[in-house]
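These notes are about the structure you will find just below.
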Amino acid sequence: MEPKRLYRSRKDKILAGICGGIGKYLDIDPIIIRLIFIVLLLTVGSGILIYLIAWILIPLEPEDAEFVVKE
């Protein structure tokens, strides 16, 4: 079995696909991740910094990721 990989989402994105990718990785709704980033932004101001770091570090989902056939 192939290990799970964290990618930025190509389809479920508003800005860079960070929240969509994290949501897919954790199997939760990306809206929850977006709300967490907003709360971090409004309370401690670190939401933007965390988002920018994630944008740099998390690779973009491969284009053929939706068409991979698992046997």
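The values are calculated or read from the model by the stated rules, or taken from the named source; none is laboratory data. Worth saying up front: this structure is predicted, and the values here are computed from it rather than measured. As a convention, Cβ positions derive from the backbone with ideal geometry for all residues, glycine included, and neighbour counts pool all protein chains shown.
Give the number of residues within segment 1-15 that are crowded, with 17+ Cβ neighbours inside 10 Å and more than 8 Å from the chain's Cα centre (by Cα). Walk me through how you get there before you give the answer.
Pass one, segment 1-15, residues crowded, with 17+ Cβ neighbours inside 10 Å: 7-9.
Within this subset, residues satisfying the condition of being more than 8 Å from the chain's Cα centre (by Cα) are none.
The total comes to 0.
When residues of segment 41-65 are filtered for being within 16 Å of the chain's Cα centre (by Cα) and either closer than 21 Å to MET1 by Cβ or modelled with pLDDT under 85 (or both), how many remain?
Going residue by residue through segment 41-65, those that are within 16 Å of the chain's Cα centre (by Cα) are 47-63, 65.
Narrowing the set further to residues that are either closer than 21 Å to MET1 by Cβ or modelled with pLDDT under 85 (or both) leaves 47-51, 59, 61-63, 65.
So the count comes out to 10.
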Among the residues of segment 34-51, the number that are closer than 13 Å to LEU15 by Cα and either of a type in the set (Phe, Trp, Tyr) or surrounded by 12 or more Cβ atoms within 10 Å (Cβ to Cβ) (or both) is 3
Selection from segment 1-40 of residues at pLDDT 90 or above and at positive phi yields ASP27
